[in-house]
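A quick write-up on the structure given underneath.
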Amino acid sequence: MRNIFLLLGGGAAGAVNGLFGAGGGMVLVPMLGKQSGLGEEELFPASIAIIAPICVVSLLFSGLQGITLAQLLPYLIGSAVGGIAAGLWGKRIPVLWLHRSLGLLIIWGGIRYLC
C-alpha cells in the first residue's frame, strides 16, 4: 500500500511539473517529509534529485514543440550559476527564512498568474 502511495505521489509531482513547468517539488517535499524520515535540510535536495529527471523529460517533449536549446541556453547558464550559489551559501540561511521566502515567491507567482 505504501508503494502505491509513493507511486501516486511521484505521478502527481510529474503531472504538476509537466503541466505547469514547475511545482512538482511542492507535491514532493511534504510527501517526503512524512514518508522518508529526512530532515529539513535533506528534503529540498532530495526533491530536486527527483524533479531533475522529470524536468529532462519535460525538456525533451518541449523540444519536440519547437523550443530550441539556443533559446534556452541563457536561462540554463543563469540557472546553473544560481544553483551553484545556492549550494554554496544556502546552508547559511536559516530554514525558516527559506520557507517564508518560498511561500512569498509562490504567492507572488500565483497573483501574477491570476492577474
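Using helices alone, I'd like the mean residue ellipticity at 222 nm for the chain: each DSSP H run of four-plus residues gives -39500 (n - 2.57), total over residue count, nearest 500. Show your work: numbers first, answer last.
Values: 5 runs with 96 residues, N = 115.
Result for the chain: -28500 deg cm²/dmol, rounded to the nearest 500.
Each part reduced to its alpha carbon centroid, segment 28-45 and segment 59-99 end up 21 Å apart. Extension gain, Ile107 to Gln35, is 23.3 nm, computed as 0.36 nm per intervening residue step minus the present C-alpha separation.
Orientation-averaged projection of segment 68-115 equals 4.6 nm² [convex hull of Cα atoms, one quarter of hull surface area]. Normalising by the residue count of the chain, find the relative contact order in percent from Cα pairs under 8 Å and 6+ residues apart. The normalised contact order for the chain reaches 17 percent. Relative contact order of segment 1-67: 28 percent, from C-alpha pairs under 8 Å at least 6 residues apart in sequence. Beyond 21 Å, how much of the Cα-Cα pair distribution for the chain remains, as a whole percent? It works out to 48 percent of all Cα pairs. Span-like helix criteria (full DSSP H runs; alpha carbon extent of at least 20 Å along the helix axis; mean Kyte-Doolittle hydropathy of at least -1.0) are satisfied in the chain by 2-20, 40-63, 69-89, 95-114.
Please grab the % of Cα pairs in segment 1-67 that end up more than 21 Å from each other. Here the long-distance tail beyond 21 Å is 26 percent of all Cα pairs in segment 1-67.
The numbers here are math on the coordinates, done by the rules we state, and not lab data. Since the structure is predicted, the reported quantities are computational estimates derived from the model, not experimental observations.
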